[in-house]
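Down below is the structure, laid out as structure tokens.
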Amino acid sequence: MKAVIQRVLSANLKVDGKLISEIDKGYVIFLGVKKGDTKENADYFIKKIPTLRICEDENGKINRSIVDTNGEILLVSQFTLYANTSHGNRPDFLEAESPDKANELYEYVLEGLLKQNLVVKKGVFGADMKISQINDGPFTVILEK
């Protein structure tokens, strides 16, 4: 499992021109599920994301979590995080989990984060989503398990 976490001032997600989700200050998280990932992998992300200290404190130091800052999360499923570009010019996605299993783990992570009293919005699994975001920093980290 892999997550690309981008700290943002705001973000919104649209499908077919219709606003689906919108957040203020917080994280846009692109979540990729690899073949063989399990709920145990997902539990790592559910535990790590709320406590990850990548937000600034009152002194401008990177010392606060999304919980500390009352930030919001936009969680987006992103199978292309497992693109293999090592051969030729067209990536393959053979490492990405099947859509049914990937969606199951994506929803599991979503529910796990919601249970921690975080504000979490989501995308539309498998849809052609248009995401606008104002990055803060920019500050981007990658989590893998």
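Would you point out which residue out of ARG53, ARG64 is of a type in the set (Lys, Arg) and either touching a Pro at 6+ places or on another chain (Cβ under 7 Å) or over 17 Å from LEU143 (Cα atoms) (or both)?
On the way: ARG53 fails: either touching a Pro at 6+ places or on another chain (Cβ under 7 Å) or over 17 Å from LEU143 (Cα atoms) (or both).
On inspection, the qualifying residue turns out to be ARG64.
Are any of the residues in the stretch 114-125 basic (Lys, Arg), within 16 Å of the chain's Cα centre (by Cα) and within 25 Å of LEU52 (Cβ to Cβ)? Give the steps one after another, and end with the answer.
Going residue by residue through the stretch 114-125, those that are basic (Lys, Arg) are 115, 121-122.
Applying the additional criterion that residues be within 16 Å of the chain's Cα centre (by Cα) yields 121-122.
Still in the running and within 25 Å of LEU52 (Cβ to Cβ): 121-122.
For the stretch 114-125, residues basic (Lys, Arg), within 16 Å of the chain's Cα centre (by Cα) and within 25 Å of LEU52 (Cβ to Cβ): present.
If ILE66 passes every condition in (1) touching a Cys at 6+ places or on another chain (Cβ under 7 Å); (2) in a strand (DSSP E or B) but one, which one does it miss?
Of the numbered conditions (1) touching a Cys at 6+ places or on another chain (Cβ under 7 Å); (2) in a strand (DSSP E or B), the odd one out for ILE66 is (2).
Kindly provide the set of residues from the stretch 28-61 that are open to solvent by 70 Å² or more (accessible area, probe 1.4 Å), without any contact (Cβ under 8 Å) to a residue 40 or more places away in the chain and either more than 20 Å from VAL76 (Cα to Cα) or touching a helix residue (DSSP H, G or I) at 6+ places or on another chain (Cβ under 8 Å) (or both), ordered by number.
ARG53, GLU56, GLU58, ASN59, LYS61
Which members of the stretch 28-54 meet the condition of being of a type in the set (Phe, Trp, Tyr) and touching a Lys or Arg at 6+ places or on another chain (Cβ under 6 Å)?
Here is the first cut: in the stretch 28-54, the residues of a type in the set (Phe, Trp, Tyr) are 30, 44-45.
Hit for the stretch 28-54 is TYR44, nothing else.
Among what's in the stretch 75-114 and is in contact with an Asp or Glu (Cβ under 8 Å, 6 or more places away or on another chain) and not in a helix (DSSP H, G or I), pick the residue that is surrounded by the fewest Cβ atoms within 10 Å (Cβ to Cβ).
ASN84
Exactly one of (1) within 17 Å of ARG7 (Cα to Cα); (2) under 15 Å from the mean Cα position of the chain (by Cα); (3) modelled with pLDDT under 95 is unmet by PRO138. Its number?
(2)
Give just the number: which of (1) out of contact with any strand residue (DSSP E or B) (no Cβ under 6 Å at 6 or more places or on another chain); (2) more than 23 Å from LEU13 (Cα to Cα) does PRO99 not satisfy?
All conditions are met except number (2).
Could you list, in sequence order, the residues of the stretch 1-24 that are assigned to a strand (DSSP E or B) and among the charged types (D, E, K, R)?
Within the stretch 1-24, the first condition is being assigned to a strand (DSSP E or B), and the residues that meet it are 2-15, 18-23.
Result: LYS2, ARG7, LYS14, LYS18, GLU22.
Is it the case that ASP128 is acidic (Asp, Glu), out of contact with any Gly (no Cβ under 9 Å at 6 or more places or on another chain), in contact (Cβ under 8 Å) with a residue 60 or more places away in the chain and more than 15 Å from TYR27 (Cβ to Cβ)? Show your work before the answer.
Details: acidic (Asp, Glu): yes; out of contact with any Gly (no Cβ under 9 Å at 6 or more places or on another chain): yes; in contact (Cβ under 8 Å) with a residue 60 or more places away in the chain: yes; more than 15 Å from TYR27 (Cβ to Cβ): yes.
So ASP128 fits the description; yes.
The values are calculated or read from the model by the stated rules, or taken from the named source; none is laboratory data. Fair warning: this is a prediction, and the values are worked out from it, not measured in the lab. With ideal geometry, Cβ positions are generated from the backbone for all residues, glycine too; neighbour counts draw on all protein chains shown. To get the accessible areas, we keep the full protein, side chains included, count just its heavy atoms, and leave off ligands, DNA and RNA. Shrake-Rupley method; radii C 1.70, N 1.55, O 1.52, S 1.80 Å.
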